[in-house]
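S.K.: Structure below; questions to follow.
The values are calculated or read from the model by the stated rules, or taken from the named source; none is laboratory data. Small disclaimer: the values here were computed from a predicted structure and weren't measured. Ideal geometry is used to build each Cβ from the backbone, glycine not excepted, and the neighbour counts take in all protein chains shown.
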Amino acid sequence: MSAPRVDGLPQQHGSPTQQMPLVAPRSAFAHDWTRIARMGSIAAFGQVFIALSNMPVRLDERLIIKPVLSLGYLVLLILPFAAGYRQGHQIRREGVPTYSPGLNEVVGGFLCGALAGAGLSLLTILLTHFDLRDPLVNWSPMLLNLLSFDNSSWFGGVIWLAIGAAMGTAGGLLRLVGPTSRRATITIVLAVTGAAVLESVVVDLAEGLGLEPLTDRLYHRRGGINWNSALGLAGLCGLLAVTGQGRLRQAKSFHAQLQGKQRTQANGGLIILTATLLIVLPLFLGKLTNELLANVGLFVLLALGLNIVVGLAGILDLGYVAFFAVGSYTAAVLTSATSSRITPEIPWLAALIVVVILTGLVGLFIGAPVIRMRGDYLAIVTLGFGEIIRLLFLSDWLSGWFGGAQGFTKIPAAGIFGLTEVDGTDPRRVFYLVLAFCALAIYVSWRLERSRLGRAWMAVREDETVAEAMGINTVNIKLLAFVVGAMLGSLSGAIFAAKVGSVFPSSFQILVSIVILVVVIFGGMGNIVGVIAGAAVLIGVLGGPKQPGLLAEFAEFKLLIYGALLIWMMLAKPEGLIPNVRRTRELHHHEMAQDAWLQGQPPRR
Amino acid sequence: MTTQTTLTEAMPTAILETRNLSVSFGGLHALEELDMQVSQGEIVSVIGPNGAGKTTLFNAITATVDISAGDILFEGQSVRGLDPNKVTTRGIARTFQNVRLFANMSVLENVMVSQHCRTKQHAFGALLYTKAFRREEAEIRQRATEILSFFGTRLIGYRMDQPAFSLSYANRRRLEIARAMATQPKLILLDEPVAGMNPVETAELTGMIRRLRDEWGFAIIVIEHDMGVVREVSDRVVVLDHGVKIAEGSYEQVSKNSQVIEAYLGKGVPEK
Amino acid sequence: MSQPGVLSRKAPRTGVSKTGVDWFLTVMRVATLTLICVGLLAFIAQEINTNNPFARWANPDATGLTGEQFWGLIVSGVSQGAMYGLIALGYSMVYGVLGFINFAHGEVFMVGAMTGMITSNKLADAGLWESNFVGSLVFIIVISILVCALTAVIMERVAYRPLRGSPRLIPLITSIGVSFFLQNASVVLLGPGAKSYPNVPDWVKSKHTFLEIEGARILVILVAAVSMICLWYFVERTKTGKAMRAVAEDAEIAELMGINVNRTIVKVFALGGAMAGMAGILWGILFRSVIHTTGFLPGIKAFSAAVVGGIGHLGGAMAGGLSIGVAESVGPLVILEPLGVSGVSQLRDAVAFAVLIGVLLLRPSGLFGERLPAEDRT
C-alpha cells in the first residue's frame, strides 16, 4: 500500500515504491495456471453458495433495469466479473518488472469467468437430476427455473457458462482500458444500481417536491429503471465521469490546503449546508423514508458512542448493546405504567437525565472490573456482561420490575417541553429528535477528541505501558471512555423506547453489538464522518438487526452479509471506508515497516 | 562493596534514595540490596556490563517491576507500591532503551500528551469549551513548543506536525527526552540516550544532558555504555554487576577500580 | 482517589497502589464471596431442615433438594462440562499458538452438530440408524470430525493466515465476522428452524441402574475422556505434537529449527476442529435438536472454560469445562435458589458468564496457569 499522505509535507518514510517501467505484455497464454484455477474455483464455489442461499430467487422480484435485469441475476453476475478483474492484478514489487496489460489479462479473465460459470452450470444440471432438498432447503424447482431460464437444464448450463465467461472477459478487459474509461465504467455501474436501489427514496422525494413526471419516466411502474432511462442515465454519468475527472480531487486538495480561518469557514459552510439539508429534506419525504432515516439516526448515535470506546480509546467492547438496553429499559420503567413495582411515570425529558446518569453508573460498574484485562479478554467479558444484562431483563426473578419476556408496552410518547410529542406514529419527529442528539454526540466526540483526554486516549491506544510511564492514569482514562460511550448509547436507547413504544429483551441480543461494531469498522474507526457514513450506508441500505433497510428483500441475508463484510473489511481495508489517518498507520504498521526496510531505513518500533 | 566512598553519606539533600533495593524474577536476582542516592541537581551515571540490572533499576524506580525488598524514597517519601503514573506525577520521568514513542501521534502531540499529569481540565471543560480550558490548551501548546525548541531547530517548524515515526533515529531519541521533560519532573532517568548515534550527534547530546541540569535544574540518572559520555557528564558513577553495586565514585576513581575492570574485562589469566 | 503516599506503606507487596477502581473491585470481590457463602449456608440449612429460622429467612418457600436431584444436577453438569471441555481444547490450542481468540470456534461445533444431524437423518432414512446404532454413531462422528476439521482449516486459510502479525484485536474481530457468517450461512442454506436428530435407542435414553445415569450422559463422558486421552497422547508423544508445542513456545524460533509453522498451525486448527466436531455429535445425541445458534453459548462457555483452566493448557481446558458445567448446573439451585431468587434455571447462562468474570477477577491466569506464546508474556 502507499503510505498515507501527510498534508503538504515532504515524505521521509514509507513513500510509494518507485514505479518500474512497464514492459511489453505477456503472451496470451503464459498464465499462472494455479492462480487462475484457484480464483476460478473460489468464484465457482461462491456462485453455488449464493445460488443455494436462495438469494437469487428472493431477489428476483426486485428489478434493476425493467425487462432485462433483476437484483437476483445481478448477484450472480458480480463474482465472475470480480474474479476476471482480480486475476489480472499484478503485485508490484521493486526490481520486478510489471507487464503492461494485454491479451493475457483478457484470456485469464475469460478462463476465470468460465470456471465460475461452470460451477453454476453444474449446479443447474445437478438440480434436475438429484433431490437434496432435505438438508438444503433451497434446492427447489424455483431455483431451477431461475437458473435454467425456464428452459431445459442443459440450456441453462450452457448459458451460465457463456455468461460467466463473458463477465470474466469483461473483468479482464477492464484492466486494459485507461483510468478514465475505467472510472467512467465504474461510475456508470454504480449510478445505475444506485438509482435502482434508492428508488423508493427518490420517488418519495420527487413526490414531495412535485417532480413526479421525472421519476415516472425514470422508473417503471412496478419497480426497476426503464430500459431507455437506464441507457440515458448511463450516458449522462459516463459524460460526467469523463468531464468531471479530477474535479473532486481538486476540490479536496483545495480544501486540504486551506489554512486557519479560511479552513474554519469552509468547514463551517459545509456543516451548515449538511445541517440545512438534513433539516429541510425530511419535510418533503414520506413516512417510510423518514422511518428509515430515524432508524439510521438511532444507529449513528450508537455507532458514535461505540466509536469513542473502540475508535478513540482502542477498547474492543462487544457488549455495547447492554447500554442501549439499560437506556431503553430505564426510560421505559420511568415513563410507562406497565411495570408492577415502580411506575413514577415521569416525563421523558426528566427520565432522560436519570437514564444518562444511571447508564453511566452501569458503565462504571461493568467497566471497573474489566478495564485492566488484556484487550481480547475484555472483549469476551464485555460480551458476557451484555448477555447477563439481557438475561436479567428476561428473567422471571426481576419480571416485577422489567416485565420479563413480555417486556414493556404502552410507553408514552416523548414530550419535548410541551412543544411536541415524539413517538413512532410520526417518524419525522423521531428523526428530528435523533438528529438533535446525533448533533450532540458529534459535538461531544469532536470536542473530546481535541482535548487533553482525547490525546490521552490516543496515547493509551498506541502504547499503554509508555502512556502509564508518561503520567497518564490509564485505568481512569479508559474507564472514562467506557462511561462516555455508555452514556451516548443510552440516549439512543431512550429514544428507541419512545419511538417503538415497547421494549422486549429480544431487541437487545448480542448481534446488535456486532452490527454496531461492523458499522463502526466499515465506516472507519476513530473517524466521526466515517462512522456516520458507515451507518448511513449499512443501516440505510441493508437495515439494522430488526429494522428494514432500502433493500428490504435482503432481510434474511443481511446478517450473512454483515459477517462477510466484517471479514472482508478486516482483510482488505481494516481502516474502513473513510479512515482516520492515524488509525490507518497503526493498522498497516507491519507493511510500512517493510517499506522502510526496503528503502534501507531502520524499522520503527 | 569495597569502594563505599564517604561521598554518598555527605550529600545533604538526596532527591532519590534507594535502601536495600532488591528485585528478583523467580530465582534470578536482578538487583540485590542496592543502596544509592542522587542529590538535587546531580548527574549520576549507572554503568555495568549487559545484564547488570541497570534497566531493572529504572523499572524499579518507575514502578514497572515489583520490588521484592527494600524501599525507594523520592524527596524523602516512599514511592514503593505506587502506580507508574503516580510515580511520574511525583516527578520522575524516564526514557526507554528501545525508543518507544507514540509513533502515530505528531511530534507536538507526543509532548502535549506527556503534560497530562500536570494539567487538570476534565471532560466538562472540553465540552463547554470554557475559558479555563482554552487557556490550558494554549499553555500546553506553548510549553510543548518551548520544550521542543530546547533541541534547536531539529524538532520545531514543520516537523512538529509530522508523525513521530517519520523522524530520524536521533530525532526520535531527542523527542523521547522532550517527552520526559514535558512531564515536568525533578528527576529524569535516561536509558542509553546516545545508543546508536554517530559521534557528532553523541557530542551534541552530551552537551544537552549537562544543559538539562544547568538550565532546567533536573537531577539526572544516565545509563550509558559510551565511556566518553559518562566521563563528560557524570558527577558520580555507580557501577553495577550482577545486580550488585561494585563501585561508586567519580569517573576517575571508578575507572581505576580493579573490580570494575574485572567486571568488564574478566579476570586476568595469571601469566605463566 | 486515595492518597498514595499514606497507603503505599500499607501495601508493600504489590506494585500497584489502591485507586478507586481497586477499592471498588475489592468491594465487589467481598460481596461476591459473601453472596456465595450465604447462599451455600442457606442451602445447607435448608437441606438440614427447611423450618429452621435461617433457612426461612433466606427463602421461605425453599424446599431443598433431594439427594437424587442433587446427583442429577452433578451428572448433567459433568456431561455438559465434558462437552465444553472438548470445545475448549480448540480455543486453548489456537490461543496457545497464535495468541488470539478464535471466536468462530463455537460455530465449528455447530457445524459438527449440523453435519451429524444431516448424516444421521440420512442413515435413519436408510434404516441403518436403528439396525446398527453404534456403527452409525461411529460413522457420523467420523464424518463430523472430517467436516469440522476442514471447516477450521479453511477458516484459518481464508480469514486468519493473511492477518498473521497484525495487531491482536484484528484477528479477533475477523473471527467474530467468521462466526456471524457461519451462523447465517447455516440459516440460508439449511433453513432457520430447529432441526432434530432421529430417535435414539432406549438404552441411550433411559436411566441405568449404574448410579442412575442416562445412557447418553455416560456415553458423553466416556467419549470425552477417550478423546482427551488420545489428544494428550498426540500432543505429548508424537512428532507433530512436539512441533505444535514448539510453535506455541516461539513460532519464529521453531521456524528456524526447521519446523513448517504454517503447516503446524493448520494441524492445530484441524485438531481443534475435530474435537469440536466430536462435541457437536455428543450434543446432538444428548439434546437431539440443533439450530444455527447452537454454537454461540457453548462456544462462549467453552472459551470461559479455557480461561478458567488456564489458556494454552490442555488438561486445564478439560478441568475448566467440567467446572463451568457443574457450576452452571448446580450454582443456580444451590446458591441463588436458597436466597429466594425465583426462576433460577433461566439464570444458568448468567452464572456461567459470572464464573468467567469471577475467575478473570480473582485469578486471571486460570487455575493451572496459562501457557502463552513468547511475545504475549509480560
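S.K.: Given the structure, is A:Val460 more than 9 Å from chain B (Cβ to nearest Cβ), touching a residue at least 40 places away in the same chain (Cβ under 8 Å) and touching a Lys or Arg at 6+ places or on another chain (Cβ under 8 Å)?
M.R.: It is true that A:Val460 is more than 9 Å from chain B (Cβ to nearest Cβ), touching a residue at least 40 places away in the same chain (Cβ under 8 Å) and touching a Lys or Arg at 6+ places or on another chain (Cβ under 8 Å).
S.K.: Test C:Met28 against the criterion of being in contact with a strand residue (DSSP E or B) (Cβ under 6 Å, 6 or more places away or on another chain), at pLDDT 80 or above and either outside any loop (DSSP other than H, G, I, E, B) or of a type outside the set (Lys, Arg) (or both), and give yes or no.
M.R.: No.
S.K.: To continue, here is another question. Could you list, in sequence order, the residues of the stretch C:254-278 that are touching a residue at least 40 places away in the same chain (Cβ under 8 Å) and either surrounded by fewer than 16 Cβ atoms within 10 Å (Cβ to Cβ) or under 21 Å from the mean Cα position of the chain (by Cα) (or both)?
M.R.: Scanning the stretch C:254-278 gives C:Asn262, C:Val268, C:Phe269, C:Ala270, C:Leu271, C:Gly272, C:Gly273, C:Ala274, C:Met275, C:Ala276, C:Gly277, C:Met278.
S.K.: If you don't mind, another one. Out of the helices (runs of 4 or more DSSP H) lying entirely within the stretch B:186-272, which hold 3 or more residues that are modelled with pLDDT under 85 and not charged (D, E, K, R)?
M.R.: So the answer is B:258-265.
S.K.: Counting only residues that are β-branched (Val, Ile, Thr) and surrounded by fewer than 19 Cβ atoms within 10 Å (Cβ to Cβ), which one in the stretch A:529-556 is nearest to A:Leu59 (Cα to Cα)?
M.R.: A:Val541
Okay, residues lined up against (1) out of contact with any strand residue (DSSP E or B) (no Cβ under 6 Å at 6 or more places or on another chain); (2) over 30 Å from A:Leu316 (Cβ atoms); (3) at pLDDT below 90:
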| site | (1), (2), (3) |
| --- | --- |
| C:Ile140 | yes, yes, no |
| C:Gly165 | yes, no, yes |
| C:Val204 | yes, yes, yes |
| C:Leu211 | yes, yes, yes |
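S.K.: Against the condition more than 19 Å from the chain's Cα centre (by Cα), surrounded by fewer than 20 Cβ atoms within 10 Å (Cβ to Cβ), modelled with pLDDT of 85 or more and closer than 30 Å to A:Lys573 by Cβ, how does C:Leu189 come out, does it pass?
M.R.: yes
S.K.: Restricting attention to the stretch C:259-315, which residues are under 23 Å from A:Arg374 (Cα atoms), within 14 Å of another protein chain (Cβ to nearest Cβ) and assigned to a loop (DSSP other than H, G, I, E, B)?
M.R.: The answer is C:Gly310, C:Ile311, C:Gly312.
S.K.: Now for a separate question. Looking at A:Glu449 and the list (1) free of Cβ contacts under 8 Å to residues at least 24 places away in the same chain; (2) within 12 Å of another protein chain (Cβ to nearest Cβ), which single condition is not satisfied?
M.R.: (1)
S.K.: Using beta carbons and a limit of 6 Å, which pairs, at least six apart or on different chains, have the first residue in the stretch C:176-196 and facing chain A (nearest Cβ under 7 Å) and within 15 Å of C:Val108 (Cβ to Cβ) and the second one assigned to a loop (DSSP other than H, G, I, E, B) and of a type outside the set (S, T, N, Q)?
M.R.: Pairs that qualify, where the first residue is facing chain A (nearest Cβ under 7 Å) and within 15 Å of C:Val108 (Cβ to Cβ) and the partner is assigned to a loop (DSSP other than H, G, I, E, B) and of a type outside the set (S, T, N, Q), are C:Ile176/C:Phe103; C:Val178/C:Ala104.
S.K.: Looking at A:Leu278, A:Leu233, can you tell me which residue is under 23 Å from A:Ile188 (Cα atoms), surrounded by 13 or more Cβ atoms within 10 Å (Cβ to Cβ) and either of a type outside the set (D, E, K, R) or under 28 Å from the mean Cα position of the chain (by Cα) (or both)?
M.R.: A:Leu233
S.K.: Between A:Leu550, A:Leu571, which is part of a helix (DSSP H, G or I) and at pLDDT 80 or above?
M.R.: Testing whether each residue is part of a helix (DSSP H, G or I) and at pLDDT 80 or above leaves just A:Leu571.
S.K.: If a residue has to be surrounded by fewer than 22 Cβ atoms within 10 Å (Cβ to Cβ) and more than 7 Å from every other protein chain (Cβ to nearest Cβ) to count, how many in the stretch A:557-568 make the cut?
M.R.: Within the stretch A:557-568, residues that are surrounded by fewer than 22 Cβ atoms within 10 Å (Cβ to Cβ) and more than 7 Å from every other protein chain (Cβ to nearest Cβ) number 3.
S.K.: Pairs please, first residue from the stretch C:154-167 and at the interface with chain A (Cβ under 10 Å from one of its Cβ atoms), second anywhere and exposed (fewer than 14 other Cβ atoms within 10 Å of the Cβ) and not basic (Lys, Arg), Cβ atoms under 6 Å, 6+ apart in sequence or on different chains.
M.R.: C:Gly165/A:His590
S.K.: Please pick out the residue among A:Ile388, A:Ile380 that is at the interface with chain C (Cβ under 8 Å from one of its Cβ atoms), of a type outside the set (S, T, N, Q) and surrounded by 24 or more Cβ atoms within 10 Å (Cβ to Cβ).
M.R.: Just one listed residue meets the conditions, A:Ile380.
S.K.: Further question on the same structure: Looking at (1) over 19 Å from B:Thr56 (Cα atoms); (2) within 19 Å of the chain's Cα centre (by Cα), can you tell me which one B:Val222 breaks?
M.R.: Of (1) over 19 Å from B:Thr56 (Cα atoms); (2) within 19 Å of the chain's Cα centre (by Cα), only one is false for B:Val222: (1).
S.K.: Filter the stretch B:129-158 down to the residues that are farther than 20 Å from A:Met470 by Cα and within 9 Å of another protein chain (Cβ to nearest Cβ) and list them by number.
M.R.: B:Tyr129, B:Phe133, B:Tyr158
S.K.: Taking the condition surrounded by fewer than 22 Cβ atoms within 10 Å (Cβ to Cβ), assigned to a helix (DSSP H, G or I) and out of contact with any His (no Cβ under 7 Å at 6 or more places or on another chain), does A:Leu161 pass?
M.R.: In short, yes.
S.K.: Examine the stretch A:267-282 for a residue that is among the hydrophobic types (A, V, I, L, M, F, W, C), more than 29 Å from A:Asp204 (Cβ to Cβ) and either touching a strand residue (DSSP E or B) at 6+ places or on another chain (Cβ under 7 Å) or part of a helix (DSSP H, G or I) (or both), and state whether such a residue exists.
M.R.: no
S.K.: Only residues that are crowded, with 24+ Cβ neighbours inside 10 Å and among the polar types (S, T, N, Q): list them for the stretch B:105-114, please.
M.R.: Passing the criteria: B:Asn110, B:Ser114.
S.K.: Kindly provide the set of residues from the stretch A:440-455 that are among the small types (Gly, Ala, Ser), within 15 Å of B:Glu109 (Cβ to Cβ) and assigned to a helix (DSSP H, G or I), ordered by number.
M.R.: Answer for the stretch A:440-455, where residues must be among the small types (Gly, Ala, Ser), within 15 Å of B:Glu109 (Cβ to Cβ) and assigned to a helix (DSSP H, G or I): just A:Gly454.
Residue-by-condition table, conditions (1) surrounded by fewer than 22 Cβ atoms within 10 Å (Cβ to Cβ); (2) modelled with pLDDT under 85; (3) within 19 Å of the chain's Cα centre (by Cα); (4) within 18 Å of B:Val237 (Cβ to Cβ):
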residue: B:Thr2; (1), (2), (3), (4): yes, yes, no, yes
residue: B:Thr8; (1), (2), (3), (4): yes, yes, no, yes
residue: B:Pro12; (1), (2), (3), (4): yes, yes, no, no
residue: B:Met36; (1), (2), (3), (4): yes, no, yes, yes
residue: B:Ser39; (1), (2), (3), (4): yes, no, yes, yes
residue: B:Ile47; (1), (2), (3), (4): no, no, yes, yes
residue: B:Asn50; (1), (2), (3), (4): yes, yes, yes, yes
residue: B:Phe58; (1), (2), (3), (4): no, no, yes, yes
residue: B:Ile61; (1), (2), (3), (4): no, no, yes, yes
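S.K.: In the stretch A:499-526, which residues are touching a Pro at 6+ places or on another chain (Cβ under 9 Å), crowded, with 24+ Cβ neighbours inside 10 Å and not in a helix (DSSP H, G or I)?
M.R.: Of everything in the stretch A:499-526, those that are touching a Pro at 6+ places or on another chain (Cβ under 9 Å), crowded, with 24+ Cβ neighbours inside 10 Å and not in a helix (DSSP H, G or I) turn out to be A:Gly524, A:Met525, A:Gly526.
S.K.: Can you list residue pairs whose Cβ atoms sit under 8 Å apart, with the first residue in the stretch B:168-182 being free of Cβ contacts under 8 Å to residues at least 40 places away in the same chain and more than 8 Å from every other protein chain (Cβ to nearest Cβ) and the second being of a type in the set (D, E, K, R) and assigned to a helix (DSSP H, G or I)? Count only pairs 6 or more apart in sequence or on different chains.
M.R.: Listed pairs, sorted by first residue: B:Ala170/B:Glu201; B:Asn171/B:Arg159.
S.K.: Sticking with this structure for a sec: Inspect all residues belonging to the stretch C:66-79 and state whether any of them is part of a loop (DSSP other than H, G, I, E, B) and either aliphatic (A, V, I, L, M) or surrounded by fewer than 24 Cβ atoms within 10 Å (Cβ to Cβ) (or both).
M.R.: Checking the stretch C:66-79: at least one residue is part of a loop (DSSP other than H, G, I, E, B) and either aliphatic (A, V, I, L, M) or surrounded by fewer than 24 Cβ atoms within 10 Å (Cβ to Cβ) (or both).
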